[in-house]
Every structure is written in structure tokens, then in C-alpha cells.
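Here the structure is laid out as C-alpha cells; the discussion comes afterwards.
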Amino acid sequence: MKHATQSKVEVSVVIPVYNNSSSLEELTMRLIATLSSISRSYEIIYVNDGSRDSSLSLLRKLATTSPAIKVLSLSKNYGQHPAICAGFEHSTGEYTVLMDADLQDAPEGIETLLAKLKSSGADIVYSVKNSAEKKFTSRLTSAAYHFIFSKIVNTKVPLNIGTFRIFNRKFLEAMLRFEESNILYGPLMFYMGFTSAYVELPFLERQHGKSSYTFTKRLKLAVNSLVSYTDIPHKASIWFGFSLLFASLLYGVLVLLQYLVFGSSLPSGSTLILLVLCLTLGSVMLSLGIIGSYVFRVYQEVLRRPRYLVQERINVPTTPAEAAHV
Ligand code: UDP
Ligand code: MG
């Protein structure tokens, strides 16, 4: 791993790419214009996450125009977070910027992010989108996400927090020490602590293509964060089990009192039995499911599979860690 003193690159921009052919050219042009005016030197690391459109051939073409444009093409579609991981592991800059490839964040915002990082002395600067998400389902899942975030970090995370962010080498190197297979950078970066600052940046409506995240994909991400980063699910099942036990005990005592004190007959009827049976069985199944999801995660971590495999690299040398594996 390179150290800040050795790195010649000042700003590295990490961008996961999944079917973003319509925005790549404009994004690159605008990035180069911004970066060349605000930094001594820069690199743009595109991580092609198994795109099915012409993104890769476009990236190959763009990479021939400048050695600062680097391309890592993964062997298949691994998902946004493993793709980001590949980019981070190859970032050599003093500062690293993370952004999406769809031009919803204006690349010119890097100037504001960098200035804030330098002036505030923070280790990481997050962007806050200044316009709210329009789609109801997106708002719903983002609200669910925020609930989880605040549980993890025990502080109020601003609503509308964006992917667009910048951090220093110290933060990056600390982040690279997290080796979990099921890595999620959103919650992780907050979980890590360090000093942070926020800047408000414009967030544009999507101009090209459509979001690669569907409602179910987003929901999965929220559930994944909930299970991976909090103890809410299994605590909830414990409390539910307790409440059920307590309620049934209370009911038993009531029935017994009625029988002994008031002489009323014991309740009969299969409906009641069925209801109680369903309730208890349901809660047992729920708890089993929760345990199962943890067991599944433990299994995945035990396998220690590589988080991504690189199929093609352009203008990117292998990292010392990768070289050790060859
Ligand atoms: N992305 C990726 N792999 C995926 C899905 C998305 O690398 O399987 C990238 C995508 O190219 C983009 C970023 O993740 O740069 C965010 O995706 P998108 O813009 O579709 O999500 P949204 O902005 O709607 O949350
Ligand atoms: Mg986007």
C-alpha cells in the first residue's frame, strides 16, 4: 500500500460503471476539465462492473486518450459495492473521490468537496443532495435506510445524503482494513467514525438511461445493512418471543382464575387453539429465519472468496496485494 508521502497523484476519482455508456463521454470530459484546474495531478478509475452495453468499449477508447484514465473491468456483475472496493484498492491519490457514473452528481462539485476537506480539516466530506428524491418508493427505501444508519452511528445522519464524497488517505487506508466479503460502504463509512463534514450539492434528475436499482434491490440493500450492521433483527425476535410468552402466561392465569374463583368452564374450541398455534409457530419460524440469515452471512465470510476478479486492466498496474497472489 502506498503512503501519502509517496503518492504522486493528488486526487483519485473512483467510479463504478454499470451500463452507463450514455454518460461516460460527457462525464470524462467534465471530470478532466474540473480536475486539471483544481489539482496538481489526478487519476480517474473506472470500474466496469460487467456492463451489458457498450460501456467497456467506450472506456477502452477513453483510456487511450490519457494515462490518467484507468479502467478495471471486472469478470462479471458483482454489484456496486464490490466494484467500489476494486476502485478503492487501486486508488493511489492523496484524496479519493467516490461518485456515480450517471451524471446525477455534477463532476464540478469535486471542487467544493476538496475545498471543504482542506478548510475543515475533516477526514471525510459527504455531499448532501439539495433536492429531494421525487419517486415515492425511492423516498420510502431511503427513509428505511436512514433509520438503519442512525441506529448504527447513534447520531443523526442528514437526510438526502449522497454517494458523492471525498476522503483522505488516512480514511482510505483505515477503510481497506475491513475485509468482510459482504461489504457495504454506506453504513461502513459512518461506522468508522473519524471527523466528517457535509456540503450541500445539487443533485440532478437522471438524464440518461434508468436507475440500475429497482425498489426490490434497494429494499434488499436496506435489509442487508440491517442484518449486517445492527442487532435489531435478533433482538426484535427475542422481544417478540418474550411478549408472546408473557401474554400467554397472563392469559393462562386469567383462565385459571376464572375457573377457580368464578367457577366458569375452561374455554373450548379449535379456533382459539389454531390461533395460538399459528402465532407461536409463526414466531418460531421468524426467529429461525433471522438466525438463518446470520448463519448464511457467517458461511459467506468463512469462505473468504475474493470480493471481485479483474478481467482486464488498462493503465492500472497490479497492487502489491494482487502481485502476491500471482
Ligand atoms: N452500479 C454498479 N453495479 C451495479 C449497479 C450499479 O457498479 O450492479 C453503479 C452504477 O454504474 C452507478 C452507481 O453504481 O455508477 C449507482 O447506480 P445508479 O445510478 O443506477 O443508482 P441510483 O443513482 O439510482 O441509486
Ligand atoms: Mg444514480
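The values are calculated or read from the model by the stated rules, or taken from the named source; none is laboratory data. These numbers come from a predicted model, not from an experiment. Here Cβ is always computed from backbone atoms with ideal geometry, including for glycine, and neighbour counts include all displayed protein chains. Keep in mind that these areas ignore ligands, DNA and RNA; they rest on the heavy atoms of the full protein, side chains included. Shrake-Rupley method; radii C 1.70, N 1.55, O 1.52, S 1.80 Å.
Based on the alpha-carbon gyration tensor of the range 86-216 and its eigenvalue square roots a ≥ b ≥ c, which shape applies: rounded if a/c is under 1.5, prolate if not and a/b is larger than b/c, or oblate? Provide the component values of the computation, followed by the final result.
Working: a/c = 1.44, a/b = 1.24, b/c = 1.16.
Verdict is rounded for the range 86-216.
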query: Label-point separation (nm) for residue 61 and residue 106, each offset 7 Å from Cα along Cα-to-Cβ?
result: 2.7 nm
- request: Skip the ligands, DNA and RNA, and give the accessible area per residue of the chain with a 1.4 Å probe, whole Å².
  value: 55 Å²
statement: Convex hull around the C-alpha positions of the chain: the volume in Å³ per residue is 168 Å³
message: As an exercise, identify the GluC sites (Glu not before Pro) in the range 1-78 lying in DSSP coil whose Cβ has no more than 12 other Cβ atoms within 10 Å.
response: none
- request: Would you mind telling me which residue in 31, 226, 159 has the biggest mean-square fluctuation in a Gaussian network model of the chain, where springs connect alpha carbons within a distance under 10 angstrom?
  value: 159
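Once you have a ≥ b ≥ c as the square roots of the Cα gyration tensor eigenvalues for the range 7-96, tell me rounded if a/c is under 1.5, and otherwise prolate or oblate according to whether a/b is larger than b/c. The partial results should precede the final answer.
On the way: a/c = 2.15, a/b = 1.35, b/c = 1.60.
In terms of gyration-tensor shape, oblate.
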statement: In terms of the charge dipole of the range 171-326, which places +1 on Lys and Arg and -1 on Asp and Glu at the beta carbon, the residue among 251, 219, 202 farthest towards the positive end is 219
task: Binning at 10 Å from 0, report for the range 233-326 what percent of all alpha-carbon pair distances ends up in each bin.
output: 12, 24, 18, 13, 11, 9, 7, 5, 1
Set of aspartates and glutamates near residue 210 by C-alpha distance (under 14 Å), chain-local residues within fewer than 8 positions excluded: 53, 100, 102
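Of the listed peptides 91-104, 46-59, 288-301, what is their order by residue-averaged count of other C-beta atoms within 10 Å, with the highest listed first? Spell out each step's value before the answer.
Values: 91-104: 23.2, 46-59: 21.1, 288-301: 12.7.
Result, highest mean Cβ count within 10 Å first: 91-104, 46-59, 288-301.
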statement: In whole percent, the fraction of accessible protein surface over the chain that belongs to carbon or sulfur atoms, probe radius 1.4 Å, stands at 63 percent
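Could you tell me what % of all Cα pairs in the range 25-158 have separations over 18 Å? Don't jump to the answer; show the numbers that get you there.
Working: 5753 of 8911 pairs.
Beyond 18 Å sits 65 percent of the P(r) for the range 25-158.
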